[in-house]
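Reviewing the structure listed below.
The values are calculated or read from the model by the stated rules, or taken from the named source; none is laboratory data. If you're wondering where the values come from, they're calculated on a predicted model, not measured in any experiment. Neighbour counts run over all protein chains shown; Cβ positions are idealised from the backbone, glycine included. Side chains included, ligands, DNA and RNA excluded: accessible areas come from the protein's heavy atoms. Shrake-Rupley method; radii C 1.70, N 1.55, O 1.52, S 1.80 Å.
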Amino acid sequence: MRDPDAAGRPANPCASCTRRCCHHYIVTVNGYDAWVISSGLRLAPEQFLVPVAQKTRTPHGFEIDGSGRTYEIALDKAKARTKEKPCTFWVSLGEGIGRCGIYPLRPGVCQTYPAHIEASGLVLRRDDVLCPTEAFGAEVVGAPQWRQRLRQMQVQYDIYALAVARWNCHVGRTARPEHLSLFGYYNYLMHFYDRVAEAFGAGNEYDETAANECWGRLLARGFSPLAEDRPEMARWAGLVSAVREVAFGFFVEELVD
Amino acid sequence: MVRISRALDLPPRSFVSLCPTEPDAADGVQFERAGLKYQLVLNKRGAVRAAGAPCIFLWKLSDGHAQCGLGALRPLVCRAYPASLADGLLCAAGDACTCRRWSVSDLDPEADKAALHAVLEEAQRYSLAVDAWNAALPPPPAQRSFSEFCQFAFAAEDEYLAGQRGGSGGIDARP
C-alpha cells in the first residue's frame, strides 16, 4: 500500500470510501461522459443510461417529444435490496468496501467529486460532502489536477449544452415527430461526439489545460466561446469553430429556412 | 494481487482468498513447513454453486450484460483468455464462455501470443518467489501468516520493479 501522507490520511482519499457518493446520488452525466463509456466499453448508451425528468429546464435538458418536458441522462442504478441503490458500475467487495468498476472512464462529476469551482476560480471542497471527514481534507482539492478536471468538465458541459440545443431545435422542427425517441437521442449523441473527437484530433490547436482554463473563466463571466467569438480564445478559434460546425452539421435540411 | 491492491488501495484480503492446491503446484504457497499448499484466487461474489459464481470484480447492468470492473488492471490470465497454447499452437480455449463460442479466427496471433508469453513469464517469476518464500519458512511449530506473505509479495514485486529500472538483487524471503 502507498504510504499515508504526513497528516496520516491514505494517499488515495477514496481508500477509506464508505461508498456513500456512489449510492446516494443519481449521477447525471453529459454526452461526452456517455460517449467515453459507450466507446470505451463498447456498450450501447441505453445499457447504462436512464433519462431523468427535470423539474426545472436547464441547458442540459433534452426533449424527446413536443411536450416541452425535458430530461437529463444519468447512470443507471444496480438492483439491490438496500434503500439507496448503488451505481450500476459499482463493484462491491463486501464488508462495506467497494470500488468504481469503470474508474478510468468515470464521468466528470465523479472525477471532480467532492470539489467544486467558484465563479472566482477558487476550487473548494463541497459543503455537503458525503466522504468520511478524515478522507478529504479541504487542502486535498487544492492540488492542480482538481482544477484541471473541473475546468475540463465545465468545457464539456458547455459543448453538451450546444449538442442539446441542436437536438431540441430538431425536435421542434422535424417533419417526422413520430420518429423521435430516446434511442434516437442517444444515437445522435454518439455521432455528435465521434465528430467532436475528430475535430479535436484534426490538427486544431488545443492546449488543454490553458484552453480549458480560459474557456472556464469566460463561462464564469457569462460568455460561451461556442456562442460568440472571444479574443481570449483566439489561439483556439479553429477548434471552437470546428465544434460549432459539428453541431450545425446535423439535421441540415431543417436549417434551410 | 500486488498490482490490483496498489492501484485500488485495497487490502489483499478484500479481494483474494487462499484455495488448497496440489502438493506439486509451482504456485503453491505454504504457511508452515510440510504444510498444505494454497493458490491465490480472486474472491467470488456470493456462494459458489454448481454453475459457479461471479468474480468479485464483475459488474452487471440491468439488461444482464456483465463486464470486468478491473479493466486494464485485470490479471494477465484474464487478459489472454481465451487464447492458449497446445503443442506450441495458438488455440481458442473458451469453453467456459457462456455468451459465445470462440474460434482461432477470433484471436490476434501476435497480440495473443505476446499475452500468453507474459502470462508464462509472470507465472515463472511468481513460482520463483513462492519457492523462496516456502524455503524460508521457520521450523515447526512456527507458522507464517497470509499478511506476512502479502508483505513478502509486495517486497518481491518492488525488488522486481527496481531490477526492471536497472537495479539488481534477488528475492529474499527472510523476515
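Data table
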quantity	calculated
Distance (nanometres) between label positions extended 7 Å along Cα→Cβ at B:ALA51 and A:ALA210	5.8
Distance (nanometres) between label positions extended 7 Å along Cα→Cβ at A:SER241 and B:LEU61	3.9
Chain-alone versus full-assembly comparison, segment B:68-105, residues with accessible loss of at least 10 Å² (1.4 Å probe)	B:GLY69
Cα centroid separation - segment B:21-50 against segment A:29-48, whole Å	38
For the protein assembly as shown, size of Cβ-based charge dipole, Lys and Arg +1, Asp and Glu -1, in debye	1280
Along chain B, longest interval not containing exposed trypsin sites (Lys or Arg not before Pro), exposed being DSSP loop plus at most 12 other Cβ atoms within 10 Å	B:1-99
CD proxy at 222 nm, helix term only [per DSSP H run n ≥ 4: -39500 (n - 2.57); per residue of chain A; nearest 500]	-12000 deg cm²/dmol
Chains A and B, summed buried accessible surface - 1.4 Å probe, Å², nearest 100	1800
Between segment A:172-227 and segment A:70-110, the alpha-carbon center distance in angstrom	26
Segment A:157-257: relative contact order as a whole-number percent, Cα under 8 Å and 6+ apart	39
For segment B:19-159, accessible area per residue (1.4 Å probe, heavy atoms of protein chains only), Å²	61
On Cα atoms only, tilt of A:237-248 relative to the major axis of chain A in degrees	70
Two-site FRET efficiency, B:GLN151 against A:ALA175, from Cβ-Cβ distance with R₀ of 60 Å, rounded to 0.05	0.30
Flagged links, alpha-carbon separation over 30 Å, of A:LYS77/B:LYS113; A:LYS77/B:LYS37; B:LYS44/B:LYS113	A:LYS77/B:LYS113; A:LYS77/B:LYS37
Trypsin sites (Lys or Arg not before Pro) within segment A:176-257: DSSP coil, no more than 11 neighbouring Cβ in 10 Å	A:ARG221
Lys/Arg +1, Asp/Glu -1 at C-beta; segment B:44-119 dipole; positive extreme among B:ALA86, B:LEU76, B:TRP102	B:LEU76
Accessible carbon and sulfur surface of segment A:49-131 relative to its total accessible area, %, 1.4 Å	54
Spin-label model distance (nm) - B:ALA25 vs A:ALA80, 7 Å beyond Cα toward Cβ	3.3
FRET efficiency, A:ALA227 to A:GLU118 (Cβ-Cβ, R0 25 Å, nearest 0.05)	0.65
Whole-Å semi-axes of chain A's equivalent ellipsoid (Cα gyration tensor)	33, 24, 15
Accessible surface of segment A:187-257, 1.4 Å probe, proportion on carbon and sulfur as whole %	52
Exposed-loop-free span, longest in chain A, where GluC sites (Glu not before Pro) count as exposed if DSSP calls them loop and at most 14 other C-beta atoms lie within 10 Å	A:1-83
Accessible area in square angstrom per residue, chain A, 1.4 angstrom probe	51
Potential lengthening between B:LYS113 and B:ALA72 on full extension [0.36 nm per residue; Cα-Cα distance subtracted]	13.0 nm
Computed E for B:TRP102/B:LYS44 - FRET, C-beta separation, R0 25 angstrom, nearest 0.05	0.60
